[in-house]
Amino acid sequence: QKEVEQDPGPLSVPEGAIVSLNCTYSNSAFQYFMWYRQYSRKGPELLMYTYSSGNKEDGRFTAQVDKSSKYISLFIRDSQPSDSATYLCAMRRGGSQGNLIFGKGTKLSVKP
Amino acid sequence: GAGVSQSPRYKVAKRGQDVALRCDPISGHVSLFWYQQALGQGPEFLTYFQNEAQLDKSGLPSDRFFAERPEGSVSTLKIQRTQQEDSAVYLCASKPGASVISYNEQFFGPGTRLTVL
């Protein structure tokens, strides 16, 4: 079993929909939780990061971390066709030098 | 540009050939990571440098994989005697600091897509 599990989709939604993406993990040592967006043939780019449990909002994006359930989520409001990409969750152990453990990625398509 | 650059962007190798992949991190970034991303998968950690020191190579899949960063800036990932299972995108990332107690964002390059025939 992988340390980080993420449903690969694909997920297809109409423009304007609310999108919910999530990951589960097994290692309780993870303390930093990130969401990356990756367009085709590009490197991942950071969308959101959260330290420990809680919520964080940035524009149309909200990240949630529930350490008791070992579950993290990313919500995208008013989704746009430009949001079509693969979304990767990533985690890092506290006290580590920083190498990230990624989920498999969920491929999202937002239809106009 | 000020981002992480990688070259070549695409590389086709015949099985058994040696390849070298280059990463130019953001100027001044102390930490440099290499990841391997197979098709339909998330990136997987290969190795980590702090300046010129390779502090973690636990993710390198075999002794055919070798990485260096001799002057603490540019890094090269070398794969000897390539095999078909080495086909993947190789991503390089850099971050400003080396702190283990606080968060620094990792900035990723576009990757090198390696195809081994």
For B:Val30 paired with A:Ala17, estimate the spin-label separation in nm (one decimal), with each label point 7 Å from Cα along the Cα-to-Cβ line. 4.5
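To the nearest whole number, what is the average tally of beta carbon atoms from other chains within 10 Å of the beta carbons of peptide A:37-50? Please list the in-between numbers first.
Numbers: counts 0, 6, 0, 0, 6, 4, 15, 11, 4, 4, 0, 0, 2, 1.
If you average over the peptide's residues, the count of other-chain Cβ atoms is 4.
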Taking just the alpha-carbon atoms of the range A:42-112, what radius of gyration and Dmax come out, in angstrom? 13.2, 44
So what's the gap between the Cα centers of the range B:1-26 and the range A:28-82, to the nearest angstrom? 29
Calculated from backbone phi, Karplus (6.51, -1.76, 1.60) coupling profile of the range A:81-86 in Hz, x at Gly/Pro: x, 5, 7, 5, 5, 9
Ordered by residue, what ³J(HN,Hα) values in Hz, to whole numbers, does the range A:50-64 give under the Karplus form 6.51 cos²θ - 1.76 cosθ + 1.60, where θ = phi - 60° and Gly and Pro are x? 9, 9, 6, 7, x, 10, 9, 10, 8, x, 7, 10, 10, 10, 10
For B:71-80, B:43-52, ranked highest to lowest by mean beta-carbon neighbours within 10 Å, the order is B:43-52, B:71-80
Hull surface over four for the Cα convex hull of the protein assembly as shown, reported in nm², is 12.6
For B:Gln17, which sequence-distant residues (separation of 5 or more, or a different chain) have an amide H within less than 5 Å of its own amide H, given hydrogens modelled in the peptide plane? B:Thr82
What nm value, rounded to one decimal, do you get for the distance between B:Arg15 and A:Asp58 when each label is placed 7 Å out toward the C-beta? 4.4
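Looking at the calculated P(r) for chain B, what percent of the C-alpha pair distances fall above 19 Å?
41
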Residue by residue, what Karplus-based ³J(HN,Hα) values in Hz, rounded to whole numbers, does the range A:7-15 have, using 6.51, -1.76 and 1.60 with θ = phi - 60° and x for Gly and Pro? 5, x, x, x, 10, 10, 9, x, 3
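Please give the charge dipole size of chain A, origin at the Cα centre, charges +1 on K and R Cβ atoms and -1 on D and E Cβ atoms. Round to the nearest 20 debye.
Numbers: 14 positive and 10 negative charges, 58 e Å.
The calculated dipole for chain A is roughly 280 debye.
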Using a Cα distance threshold of under 22 Å, what count of lysine pairs results for the range B:1-103 when pairs must be 8 or more residues apart or interchain? 5
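Where a number appears in this text, it was derived from the coordinates with a stated rule and is not lab data. Values in this document were obtained by computation on a predicted structure and should not be read as measured data. Using ideal geometry, Cβ is built from the backbone for each residue, glycine included, and neighbour counts are taken over all protein chains shown.
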